[in-house]
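Structure first, commentary second.
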Amino acid sequence: MAAAGGFAISIASSAQLNGNLRSQAVPCPQIQSQTFYKPLNSRRTSASNQRLCLKCESASQNLNSIHKEESKRSNVIALEQLKASAIDSEFSLFVEFRVLIMWNWITRYTKEKSSIIVIGLNVHTAPVDVREKLAIPEAQWPRAISDLCALNHIEEAAVLSTCNRMEIYAVALSQHRGVKEVTEWMSKISGVPVSELCQHRFMLYNKDATRHLFEVASGLDSIVLGEGQILAQVKQVKKLGQGVDGFNRKIGGLFEHAIITGKRVRTETNISSGSVSVSSAAVELALTKLPESSYATVRVLVIGAGKMGKLVIKHLAANGCKEMVVVNRTEEKVAVIREELKDIRIVYKPLSEMMGCAAEADVIFTCTASETPLFLKEHVQTFPACTEMARQLFIDISVPRNVEPCVSDLETAEVYNVDNLKDVVAANKVDRLRKAMEAQTIISEELQNFEAWKDSLEAVPTIKKLRAYLERIRASELDKCLSKMGDITDKQKKAIYDLSMGMMKKFLHGPMQQLRCDGRSDFQKPEEMLEVMHAVNRMFDLETEIILKTVRTKMERTKK
């Protein structure tokens, strides 16, 4: 086994080690005499390997000591001690060996800071038959996060799975390898071959990935521009992710900023207002004609339960209509709708009772495929006057039309057809596009805020390590100084202590000012701050400890 870079080191020969252990009949891992490589700056790694050899020698000496005292103890006690010693030795060797391998691995892939990536399929890139195979129920999101973070190059993760999209957000140690691992994982859970996934997936990195999520939360990536349901789904991702190992500070912060952005866009641009489909426009137009702009006291009739009829019924329910009559050829489709909208009272009537139902209704929505009008002028003029409204309201969204145009000539009726509604929809779409442009300005502002927050987050470990590094030097030099001065008063000791603390604070002041991102307008650019951070890491050799912490975290997550 060999890895790229550096000088060769060798682990102690297995023959001597195994020989000492074999004499005590204690199992030990067979460590072959092999060549490994380490970086040029390898003092710590060399020291680690020396400790490996010393531990092996120490283990051997302990076993020999136990052997000498074996006659003085019972065989059972000796055997138990030998077993315990063997287990401890094997575990210690295993951990040190894993740290060595992970050290080489992590230093190779952390030359650049970790990246935020998004890999997914949505309504714009993949057909529904592919998306439904990849869908992950909400209850399984926490498990999916844990599985993703168990991958070698993924530190943090989140899952956003809806009817229109399945997207994986991750913090990756390596962009290329992170994408490869996530794609293979998506293929594994869905059964969709990687080659097919690659045809439909999209991938974005860092700022582009962040902007995409902000646009998703703002409703700019939805089929209906500005729709509000997606923001609730983004909130649910954060809610279910809290407390899950792997939904950590960066990913959590990313979704928190996305929620803030989505709220700002909807509040400051009002992008969700105005109907952008014929069915929703029909319901909202009727609502403006009703007493007190409410469906609470009027009698509603829907004729037709096909695709358009179903949408009308759903929009009625969303706008506060709690009871309605639905006329259709058969009851089957009405029963399906009734099952979906259990809180709404939906009364089914056959086509044979259509005229009687229409005579008693205040608002009538027609959406059938009939090639001839269902309501003629002579029919409607026989209807009794409405009790709640001055004129009976017909909203005809059928093509061909279900209501004869001349019905609008009656003083007791008012008719709106699909052309009237199309004008409303077109005007609303233009208005939403204008608001979407305004939303991009808000998204750019929040993107800048998130990047500043993320960059300041990158500097936190460096600030802590630098402070700890200088504190160790200060305390060590203070002890040396006091030991050389002999007997001095407590007042003198305090003066020397205060001197050391004052000097350390002054030394820290400059680097701290450069590393902190405190929001001042004259502050350096984020990339300049990162250059300072990396320079400080190199000057004081702080990267080693930061990387080792990442190694330990990854090892602990892998064990779970």
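Per-structure values
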{"item": "Where S476 falls short, out of the listed (1) closer than 30 Å to A281 by Cβ; (2) surrounded by fewer than 12 Cβ atoms within 10 Å (Cβ to Cβ)", "result": "(1)"}
{"item": "Output for segment 240-258, where each listed residue is assigned to a helix (DSSP H, G or I), touching a helix residue (DSSP H, G or I) at 6+ places or on another chain (Cβ under 6 Å) and open to solvent by 10 Å² or more (accessible area, probe 1.4 Å)", "result": "L240, H257"}
{"item": "Residue within segment 460-473 that is open to solvent by 60 Å² or more (accessible area, probe 1.4 Å), modelled with pLDDT of 85 or more and among the β-branched types (V, I, T) present", "result": "yes"}
{"item": "Tally of residues being open to solvent by 30 Å² or more (accessible area, probe 1.4 Å) and within 21 Å of A305 (Cβ to Cβ) across segment 393-436", "result": "5"}
{"item": "Residue check, T297 within 30 Å of V159 (Cβ to Cβ) and either at pLDDT 95 or above or open to solvent by 60 Å² or more (accessible area, probe 1.4 Å) (or both)", "result": "no"}
{"item": "Which listed residue is at pLDDT 95 or above, open to solvent by 10 Å² or more (accessible area, probe 1.4 Å) and either farther than 28 Å from S273 by Cβ or in a loop (DSSP other than H, G, I, E, B) (or both), from K349, K342", "result": "K349"}
{"item": "Of residues in segment 115-143 being without any contact (Cβ under 8 Å) to a residue 40 or more places away in the chain and assigned to a helix (DSSP H, G or I), the one most open to solvent (accessible area, probe 1.4 Å)", "result": "R143"}
{"item": "Checklist (1) surrounded by 19 or more Cβ atoms within 10 Å (Cβ to Cβ); (2) in a helix (DSSP H, G or I); (3) in contact (Cβ under 8 Å) with a residue 40 or more places away in the chain applied to T183, failing item", "result": "(1)"}
{"item": "Out of S218, S222, S195, sole residue that is within 13 Å of H257 (Cβ to Cβ) and among the polar types (S, T, N, Q)", "result": "S218"}
{"item": "Selection within segment 259-272 - surrounded by fewer than 23 Cβ atoms within 10 Å (Cβ to Cβ) and either part of a loop (DSSP other than H, G, I, E, B) or in contact with a Phe, Trp or Tyr (Cβ under 8 Å, 6 or more places away or on another chain) (or both)", "result": "N270, S272"}
{"item": "Qualifying residue in segment 378-392 (condition: surrounded by fewer than 16 Cβ atoms within 10 Å (Cβ to Cβ), in a helix (DSSP H, G or I) and more than 53 Å from the chain's Cα centre (by Cα))", "result": "yes"}
{"item": "Test result for T372, in a loop (DSSP other than H, G, I, E, B), surrounded by fewer than 15 Cβ atoms within 10 Å (Cβ to Cβ) and polar (S, T, N, Q)", "result": "yes"}
{"item": "Subset of segment 165-178 (residues that are under 16 Å from the mean Cα position of the chain (by Cα) and either open to solvent by 10 Å² or more (accessible area, probe 1.4 Å) or farther than 18 Å from K250 by Cβ (or both))", "result": "R165, M166"}
{"item": "Segment 399-426, subset over 47 Å from the mean Cα position of the chain (by Cα) and either in a helix (DSSP H, G or I) or modelled with pLDDT under 90 (or both), residue farthest from S370 (Cα to Cα)", "result": "D409"}
{"item": "Some residue of segment 273-283 being more than 30 Å from E445 (Cα to Cα), touching a helix residue (DSSP H, G or I) at 6+ places or on another chain (Cβ under 6 Å), open to solvent by less than 10 Å² (accessible area, probe 1.4 Å) and in a strand (DSSP E or B)", "result": "no"}
{"item": "Subset of segment 356-369 (residues that are touching a Leu at 6+ places or on another chain (Cβ under 6 Å) and not in a helix (DSSP H, G or I))", "result": "A361, V363, I364"}
{"item": "Within segment 318-335, considering residues that are β-branched (V, I, T) and outside any strand (DSSP E or B), the one most open to solvent (accessible area, probe 1.4 Å)", "result": "T330"}
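Yes/no matrix, rows are residues, columns are (1) in contact (Cβ under 8 Å) with a residue 60 or more places away in the chain; (2) over 29 Å from Q229 (Cα atoms); (3) in contact with a Lys or Arg (Cβ under 6 Å, 6 or more places away or on another chain); (4) of a type outside the set (F, W, Y):
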position: S294; (1), (2), (3), (4): no, no, no, yes
position: M308; (1), (2), (3), (4): yes, no, no, yes
position: K314; (1), (2), (3), (4): no, no, no, yes
position: T330; (1), (2), (3), (4): no, yes, no, yes
position: I346; (1), (2), (3), (4): no, no, yes, yes
position: C367; (1), (2), (3), (4): yes, no, no, yes
position: C386; (1), (2), (3), (4): no, yes, no, yes
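The values are calculated or read from the model by the stated rules, or taken from the named source; none is laboratory data. Everything numeric in this text was worked out from a predicted model, so none of it was measured. Neighbour counts run over all protein chains shown; Cβ positions are idealised from the backbone, glycine included. The area values use the complete protein model at the heavy-atom level, side chains included, leaving out ligands, DNA and RNA. Shrake-Rupley method; radii C 1.70, N 1.55, O 1.52, S 1.80 Å.
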